[in-house]
């Protein structure tokens with residue numbers, strides 16, 4: 001081996017712990033985000049079939065096929081959280097995703113449904129919020145345009161789960 005190749009080899013070996021350390025840090029952040037998404041139950045509302053007890057893991061977090069109906073408010077479906085630029089979060093910045101998680105405010109100014117637990121997610125640490133973003137960015141993009149939201153007088157085009165009070169469900173007069 002000539003001197004130049006040996007110098008290049010030593011330079012690569014010397015840099016490899018740094019590169020490996022950066023990769024491990026990124027991987028640890030992504031794994032932390034995956035953990036938080038799993039314990040947060042995000043798949044229940046954002047994966048097709050999740051609300052029916054049979055999540056389609058090939059389309060994990062690709063958007064729900066079941067809407068929540070809140071009487072007098074409307075119908076909301078869990079949106080596509082994958083990095084697809086047209087139908088998911090791919091066109092959102094990291095800060096916009098964090099803002100939606102913590103405040104419920106979308107980049108276009110609209111508010112997410114109250115079904116989304118953003119008041120609880122407001123307590124995420126900066127590190128945990130960024131870990132969730134890193135995990136969402138690591139997913140394969142899934143092209144899935146989720147319908148809605150639907151206003152209280154709109155006709156739904158999807159399966160709907162209605163959120164009603166126990167009194168309504170049991171045909172009792174409303175509580176006073």
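If you scan the stretch 60-102, which residues turn out to be without any contact (Cβ under 8 Å) to a residue 24 or more places away in the chain and under 16 Å from residue 40 (Cβ atoms)?
100
If a residue has to be over 10 Å from the mean Cα position of the chain (by Cα) and either part of a loop (DSSP other than H, G, I, E, B) or without any contact (Cβ under 8 Å) to a residue 12 or more places away in the chain (or both) to count, how many in the stretch 45-59 make the cut?
Going through the stretch 45-59 one residue at a time, the tally reaches 8.
Need pairs with beta-carbon distance below 9 Å; first residue within 16 Å of residue 97 (Cα to Cα) and within the stretch 25-42, second assigned to a loop (DSSP other than H, G, I, E, B); sequence gap 6+ or separate chains.
Listed by first residue and then by second, the contacts come to 36/124; 37/61; 37/81; 40/117; 42/61; 42/78; 42/81.
Of (1) touching a helix residue (DSSP H, G or I) at 6+ places or on another chain (Cβ under 8 Å); (2) without any contact (Cβ under 8 Å) to a residue 60 or more places away in the chain, residue 115 satisfies all except one. Which?
(2) is the only condition that residue 115 fails.
Does residue 24 satisfy being at pLDDT below 95, surrounded by 13 or more Cβ atoms within 10 Å (Cβ to Cβ) and either part of a helix (DSSP H, G or I) or in contact with a strand residue (DSSP E or B) (Cβ under 8 Å, 6 or more places away or on another chain) (or both)?
Here the answer is no, as residue 24 does not meet what is asked.
Between a first residue in the stretch 153-176 that is closer than 13 Å to residue 73 by Cα and a second residue that is part of a loop (DSSP other than H, G, I, E, B) and at pLDDT 80 or above, which pairs have beta carbons less than 7 Å apart while being 6 or more apart in sequence or on different chains?
Pairs found: 164/71.
The values are calculated or read from the model by the stated rules, or taken from the named source; none is laboratory data. These numbers come from a predicted model, not from an experiment. Glycine also receives a Cβ, built like all others from the backbone with ideal geometry; neighbour counts cover every protein chain displayed.
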